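Read the figures in this text as sums done on the coordinates, not as results from a lab. Worth saying up front: this structure is predicted, and the values here are computed from it rather than measured. In this analysis, Cβ positions are derived from the backbone assuming ideal geometry, glycine residues included, and neighbour counts consider all displayed protein chains.
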Amino acid sequence: MVRKSNARLPHAATPMRAVALSCGLLAAAALTVYAPRAQAAASDAATRVEARVTSDTAKTRYPIVLVHGLLGFDNLLGVDYFYDIPGKLAGAGAKVYVAQVSGTNTSEIRGEQLLQELKTIRALEQNPTLKFNLIGHSQGSPTVRYVAAVAPDMVASVTSVGGANGGSKVADLLAKLPEGGIAQTLVVKAIGLLTGMIGFLSGKDPSQLPEVPLNALASLTTAGGAAFDAKFPQGRPAAGSSCDVKSGAAVANGVRYYSWSGVSTSFNLFDPSDTALSTLGGLFFFGEANDGLLAVCTTRLGTHLGDYRQNHLDEVNQAFGNTYGSQFPYYEKKPPELFREQAARLKSAGL
């Protein structure tokens with residue numbers, strides 16, 4: 001039985017291709033929005049996850065903080081963004097918090113929001129020197145990298161899961177839409193409506209966590225990723241590195257860096273997200289290994305922990321735990337197992 005308590009915080013593309021992209025993105029995002037009827041989570045909050053502890057295999061020295069990506073949330077209508085993962089970690093002994101930041105904004109702004117959450121957790125824990133093990137998915141990765149770069153004294157480790165570290169060709173196409181044109185306006189409006197709905201259902205306060213889709217787009221292009229890397233290179237492979245280079249610096253400024261990624265989009269006929277993400281992967285990556293939204297080469301950070309048969313949503317055990325690993329556990333690990341293994345790895349490292 002998992003229980004959660006909330007701490008309040010201060011806080012030029014062709015038209016057809018653009019339409020296909022928009023539909024694919026919205027379809028993939030919508031799969032994370034649908035949820036069984038349940039009680040909505042309370043507003044902007046750092047969520048402490050508690051569960052009946054059955055082992056200490058994930059009992060890290062420092063708390064684990066999970067950070068969502070683009071269009072993300074902590075908990076929506078009773079369903080976690082990191083589906084079934086926070087409870088599994090807490091049940092294995094970890095102290096787990098789930099962050100709530102803007103779903104669409106720059107990685108730097110999201111990082112500042114996260115920084116304030118961490119300071120608040122420090123106050124709640126009555127420990128002004130407490131460090132954190134930060135795990136970010138998608139845009140959550142550059143978000144946690146920002147915090148580690150500007151406040152390394154607060155961070156023990158950074159783990160990137162399908163991280164948007166080098167930007168995305170999908171964002172590049174959207175950025176080519178004529179500024180102020182009909183296509184761009186429609187896409188921005190659609191994403192804005194979806195973000196607003198997610199924010200409302202997950203209890204976000206837009207005055208504290210503003211949503212600016214074009215800001216997110218600027219951060220998530222390959223040019224935006226390169227600019228971010230230039231300012232915050234910690235853990236990343238050197239600029240211009242071959243795709244064969246899977247790891248960057250393991251430690252920078254006393255912070256340990258890790259990453260793993262998904263590299264497949266069309267293996268599970270029972271996962272509805274595969275249709276949308278396979279379409280996007282086929283349109284944009286032309287045989288390059290990808291998870292439907294990101295080329296695997298762009299996700300590398302710190303010590304490389306592996307590539308798995310997962311699409312971009314499978315990486316966080318969506319939709320609703322229906323992944324390749326859940327259907328063929330003898331051939332592929334389930335996503336929650338990867339998170340538990342990482343927690344055990346952090347524990348062994350004294351983190």
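Filter the chymotrypsin sites (Phe, Trp or Tyr not before Pro) in region 267-304 to those in DSSP coil with at most 16 other Cβ atoms within 10 Å of their Cβ, and list the result.
Values: sites: 267, 270, 284, 285, 286; in loops: 267, 270, 285, 286.
Qualifying residues, ordered by number: 270, 286.
If amide hydrogens are placed 1.01 Å from N in the peptide plane, which non-local residues have theirs closer than 5 Å to the one on residue 156?
HN-HN under 5 Å from residue 156: 132, 133, 134.
Go ahead and run the numbers for FRET between residue 242 and residue 179, Cβ-Cβ distance against an R0 of 41 Å, rounding to 0.05.
Numbers: r = 34 Å, r/R0 = 0.84.
Given R0 = 41 Å and the Cβ-Cβ separation, E is 0.75.
So how do 231-240, 173-182, 108-117 stack up, highest first, on mean other-Cβ count within 10 Å? Show your work: numbers first, answer last.
Values: 231-240: 16.9, 173-182: 15.2, 108-117: 21.8.
Most protected by this proxy first, the peptides run 108-117, 231-240, 173-182.
Taking amide hydrogens as modeled 1.01 Å from N in the peptide plane, which residues meet the under 5 Å criterion relative to residue 221, leaving out close sequence neighbours?
Excluding prolines and chain starts, which carry no amide H, the hits are 168.
Mind checking which aspartates and glutamates have their Cα closer than 16 Å to the Cα of residue 59? Skip sequence neighbours fewer than 8 apart in that chain.
In chain and number order, the partners are 50, 337, 341.
Taking residue 119 as the anchor, which lysines have their alpha carbon closer than 20 Å to its alpha carbon, excluding any fewer than eight residues away along the same chain?
Cα-Cα hits under 20 Å: 4, 95, 131, 204.
Straight distance only, please: which lysines reach the Cα of residue 333 with their own Cα at less than 18 Å, same-chain residues fewer than 8 apart left out?
The reachable lysines, counting only those whose Cα sits under 18 Å from residue 333, are 88.
Starting from the Kirkwood radius over alpha-carbon pairs of region 204-351, derive D by Stokes-Einstein at 10 °C in a medium of 1.306 mPa s and give it in µm² s⁻¹.
94
For residue 52 and residue 115 in one chain, what is 0.36 nm times their gap in residues minus the Cα-Cα distance, to one decimal in nm?
Full-extension gain reported as 19.8 nm.
With bins 10 Å wide starting at 0, give me the P(r) of region 273-351 over every alpha carbon pair, in whole percents.
Taking all Cα pairs of region 273-351, the binned fractions are 18, 43, 32, 7, 0 percent.
What is the ratio of the Cα radius of gyration of region 154-276 to 2.2 N^0.38 Å, with N the residue count, to two decimals?
Against the empirical 2.2 N^0.38 Å value, I get 1.27 for region 154-276.
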